[in-house]
Amino acid sequence: MNPSRFFRFLILFVALWAILNLFSSNQKEKNNPKQTSDIVMLPTKAKFSQGSVVQLKITNNKEENLTPWADCPAEPLDVFMWDNGEWVQKQGNQSEYECNPKKTIAKGETEIIDYGNWNFELFNEIGKYKIVYQDGSKEFPAEFEIKSQSIFGQIWNGLFYKPVYNTLIFFASVLPGHNLGWAIVLLTILIKILLLGPNHKALKAQKALQKVQPELDKIKNKYKGDQQKIAQETMAVWKKHKVNPVGSCLPMLIQFPIMIALFYAVKVGLSPNNIHLLYAPLQGFDPSSVDSIFLGILDLTKINTFVLPLIVGGMQFLQMKLSFALKKNKKDKKSQTSAQANQMQTMNKMMTYTLPVMIAFFTATMPAAVGLYWGVSTIFGIGQQLYINKKHS
């Protein structure tokens with residue numbers, strides 16, 4: 001692995017981790033004064049994009065318990081939409097809603113609720129909404145807006161989220177027990193097969209970069225201080241050996257949006273809220289019937305702090321060791337000064353040990369489903385790396 005490629009990957013990796021953590025937490029309320037009302041009810045966002053899940057945060061400051069699900073099996077609380085200068089109540093058409101009418105919010109506690117099966121039909125129109133909690137003669141409203149989805153959101157849903165989500169649900173629907181873990185394994189294998197060509201070219205490019213590194217070191221020494229000449233000679237070496245340094249990064253760039261889509265599919269896609277995102281042949285399947293327990297021990301919707309990160313980090317370490325397992329001939333060894341050899345060795349060691357630690361940390365902060373995807377993807381990558389090493393040894 002070329003050092004510059006490592007640092008590009010490092011930057012992209014940190015960006016991915018930041019994006020996933022942004023998805024994993026609810027947006028915090030800003031500039032909200034401290035409220036001392038008996039019931040504090042706030043939307044988790046001031047504005048929701050069309051098609052997203054509407055959630056309410058309810059805090060009980062009363063002496064007795066609250067029962068916001070008392071109307072079960074009707075939708076919880078009353079929903080109004082601002083239409084032609086007045087609030088018009090909206091009602092869901094679903095005949096059933098999986099809720100517990102006896103479930104309560106105890107004194108001093110806070111619960112976040114959503115609208116399950118009714119989310120899309122109640123909040124599919126763009127406009128201003130109000131949800132009201134009726135407590136005797138008192139009303140506690142929560143107002144928010146449904147805004148149109150951005151161009152970026154439409155592209156994201158069309159190219160990444162919906163295909164990944166539907167493929168995952170399809171595999172789960174045809175597997176015995178609708179197991180999420182095996183669905184992720186099949187999804188990963190399918191993606192790796194689709195990316196087989198680009199991945200193979202990337203690994204070849206990585207090996208080619210290693211082979212020409214001695215020539216690049218000679219150029220740096222020969223034209224030390226003349227960056228323009230170094231750049232020209234470097235380009236000439238790449239052209240001579242048909243090396244494309246950017247090509248080794250493309251598969252990794254493709255992986256990132258797939259991982260974000262998988263993360264979001266597992267986080268919110270296993271409830272009835274997203275049924276409207278399923279393609280027509282799958283809309284008869286209930287995503288909530290998917291079994292999220294893999295091999296009877298691993299809950300893929302929750303974070304696994306120790307075991308899975310160690311396994312995934314260990315596999316990444318093995319792949320890194322294999323990626324540097326290129327035999328150097330005597331000519332290559334002589335072409336490098338002792339300082340250059342030591343510098344490359346230090347860089348290789350840093351990458352070999354740093355990247356697996358980063359991957360392990362990443363896995364320990366995300367739902368186990370993302371770690372499982374990365375682990376299966378790494379196993380597939382190890383097989384490809386062994387083939388490339390054998391072919392180019």
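Structural remarks
- Of the residues making up segment 140-170, not one is more than 23 Å from His276 (Cβ to Cβ) and not in a strand (DSSP E or B).
- In the set Lys130, Lys103, only one residue is touching an Asp or Glu at 6+ places or on another chain (Cβ under 8 Å), over 18 Å from Asn273 (Cα atoms) and assigned by TED's automatic domain parsing to the domain that holds Lys90; that residue is Lys130.
- Here Ile303 meets the list (1) farther than 27 Å from Lys162 by Cα; (2) modelled with pLDDT under 95; (3) not basic (Lys, Arg) almost entirely, failing just condition (1).
- Selection from segment 125-139 of residues that are assigned to a loop (DSSP other than H, G, I, E, B) and surrounded by 12 or more Cβ atoms within 10 Å (Cβ to Cβ): Glu125, Ile126
- For Ile169, the requirement of being hydrophobic (A, V, I, L, M, F, W, C), under 15 Å from Ala265 (Cα atoms) and in the same structural domain as Phe294 (by TED's automatic domain parsing) is met.
- Ala231 being aliphatic (A, V, I, L, M) and free of Cβ contacts under 8 Å to residues at least 40 places away in the same chain: yes
- Residue check, Asn84 surrounded by fewer than 16 Cβ atoms within 10 Å (Cβ to Cβ), farther than 18 Å from Glu121 by Cα, of a type outside the set (Phe, Trp, Tyr) and modelled with pLDDT of 70 or more: yes
- Residue list for segment 284-296, restricted to those being in a loop (DSSP other than H, G, I, E, B) and either out of contact with any helix residue (DSSP H, G or I) (no Cβ under 6 Å at 6 or more places or on another chain) or not assigned by TED's automatic domain parsing to the domain that holds Val370 (or both): Gly284, Asp286, Leu295, Gly296
- Condition met for Leu308 (under 20 Å from the mean Cα position of the chain (by Cα), closer than 14 Å to Ile169 by Cβ and buried (at least 17 other Cβ atoms within 10 Å of the Cβ)): no
- Residue in segment 93-130 that is modelled with the lowest pLDDT, counting only those that are within 19 Å of Ser288 (Cβ to Cβ) and among the aliphatic types (A, V, I, L, M): Ile113
- Helices (runs of 4 or more DSSP H) completely within segment 171-263 that count 3 or more residues being surrounded by 16 or more Cβ atoms within 10 Å (Cβ to Cβ) and charged (D, E, K, R): 196-222
- From the list Asn342, Asn389, the lone residue that is surrounded by 17 or more Cβ atoms within 10 Å (Cβ to Cβ) and at pLDDT below 90 is Asn389.
- Test: residue in segment 138-146 that is without any contact (Cβ under 8 Å) to a residue 40 or more places away in the chain, in contact with a Leu (Cβ under 9 Å, 6 or more places away or on another chain), in the same structural domain as Ser52 (by TED's automatic domain parsing) and under 17 Å from Pro68 (Cβ atoms): no
The values are calculated or read from the model by the stated rules, or taken from the named source; none is laboratory data. Small disclaimer: the values here were computed from a predicted structure and weren't measured. In this analysis, Cβ positions are derived from the backbone assuming ideal geometry, glycine residues included, and neighbour counts consider all displayed protein chains.
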